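Visitor: The structure is given below, and queries will be raised subsequently.
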Ligand SMILES: [Mn+2]
């Protein structure tokens, strides 16, 4: 190895053009705008970091959309950096014959891997070899990491690919499955991955960093909580790799369960939710799930939305409340109610999945509402 290490930026899963369809129109447009702004902010930051090369691990575009505006955004972002940019595509933006990636004229410092198998690129001035594998179809069922060509020289070696790593040996994925065994046998210094949208490092059995998912620079939905941005990494002359996440996302998604047990009014529930949302930024997108046991209370989601709207960019409300029925007491009185509870408890005993149990529990409470009160409450 040479005396100089290698410094790189690694990003992926930008999904320019993503729809944000779960948001109302105005907020959807704002998020789409923010997504392109974040991409440009990331590239600007990368330029300031003076890295040796940039790795883009797929899903730059949401779909194979030939949208001139988005290609212009991509060009503007790429123009901010002077070093080589190496890219592969992922499952949502494969190199199909009509792909905009194939018709676009890329600047000279950008290299898009187009081969149907691993392609090897030597960057002599950086003493680096990058091996890239791109998607040509929306699915790639075969594991491909075990067929990475082994390069026997003293260059820094990076494999760039979009794929799904799992610890489970039986794991199957239509998106280039990557196994623990392949990670242990990896013939490169660093695996630059894309596909999973949350930042995740992958170590081998001895605790050595082997690769990472940088995650989406701007989170796209409620499965993408936590910090988001891109990764800066370094391979030392000794072959040791380190990475760090540079958080640059405009907004964060937060998902929490709020236990409102014992609340008797909507105001009490609102106060509990406000306490949970606390000092967090009003830029956040919240998914608040109400859980717990409450007595007779008609939930009013619209009212809660109105009361809390100043505290968040967007709030998704869901509830999974149980009524405070005393089942033992109700069962002790013979009659149809007692019979109904016993019958439903029998079904619960036989249920095999948590989902099944939740459905039966819900049916039990709806049935009790109907039998005891003559009306079903919203929970
Ligand atoms: Mn993706």
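Visitor: Express in nm, to one decimal, how much length is gained between residue 333 and residue 227 on full extension, taking 0.36 nm for each residue of separation and deducting their alpha carbon distance. Please report the intermediate quantities before stating the final value.
Guide: Details: separation 106, 0.36 × 106 = 38.16 nm, distance 5.38 nm.
Roughly 32.8 nm would be gained on extension.
Visitor: Under 19 Å from the 7 Å Cα→Cβ point of residue 109, by amide nitrogen: which residues of the range 73-92?
Guide: Backbone N within reach: 73-88.
Visitor: Rounded to two decimals, what ratio of Rg to Rh does the range 289-369 give with C-alpha atoms and a Kirkwood Rh?
Guide: Details: Rg = 16.2 Å, Rh = 14.8 Å.
Rg/Rh: 1.10.
Visitor: Using mean Cβ contacts within 10 Å as the protection proxy, how do 185-198, 150-163, 252-265 order, highest first?
Guide: Ranking the peptides 185-198, 150-163, 252-265 by packing returns 185-198, 150-163, 252-265.
Visitor: Sticking with this structure for a sec: Let me have the relative contact order for the chain, percent, based on Cα pairs under 8 Å that are six or more residues apart.
Guide: Details: 771 pairs, mean separation 49.7, N = 379.
Normalised by residue count, the contact order of the chain is 13 percent.
Visitor: Something else about it: Specify the angular offset, from 0 to 90 degrees and rounded to the nearest 10, of the alpha carbon long axis of helix 68-79 from the longest principal axis of the alpha carbons in the chain.
Guide: 60 degrees
Visitor: Share of antiparallel DSSP beta bridges in the chain, in percent to the nearest 5?
Guide: Bridges in the chain that DSSP calls antiparallel: roughly 30 percent.
Visitor: Helix 336-350 against the longest principal axis of the chain: what's the angle in degrees, Cα atoms only, rounded to the nearest 10?
Guide: 20 degrees
Visitor: Right, here's the next one. Sorted by average packing, counted as other Cβ atoms within 10 angstrom per residue and highest first, what order do 326-339, 10-23 take?
Guide: The peptides rank, most packed first, as 10-23, 326-339.
Visitor: State the Cα centre-to-centre distance between the range 41-91 and the range 134-205 in whole Å.
Guide: So the two Cα centres are separated by 21 Å.
Visitor: In deg cm²/dmol and to the nearest 500, what is the mean residue ellipticity at 222 nm of the chain if only DSSP H runs of at least 4 residues count, each as -39500 (n - 2.57), divided by the residue total?
Guide: -8000 deg cm²/dmol
Visitor: Just to be sure I understand: if I project the alpha-carbon convex hull of the chain onto a plane and average over all orientations, what area do I get in nm²?
Guide: That works out to 23.1 nm².
Visitor: With angles folded into 0 to 90 degrees, how steeply does helix 354-368 sit against the dominant principal axis of the chain? Use alpha carbons for both and round to 10.
Guide: The two axes meet at around 30 degrees.
Visitor: Where does each of 303, 286 land when they are ranked from fewest to most other beta-carbon atoms within 10 angstrom?
Guide: Details: 303 13, 286 22.
The fewest-first ordering by Cβ neighbours comes to 303, 286.
Visitor: A further question on this structure: If you average 1/r over every pair of different alpha-carbon atoms in the range 74-187 and take one over that average, what Kirkwood value in Å do you get?
Guide: Roughly 15.4 Å, rounded to one decimal.
Since every read-out is calculated from the coordinates, none of them should be taken as a lab result. Because the structure is a prediction, the values reported are computed rather than measured. Because the Cβ atoms are built from the backbone with ideal geometry, glycine has one as well, and the counts that use them run over all protein chains shown.
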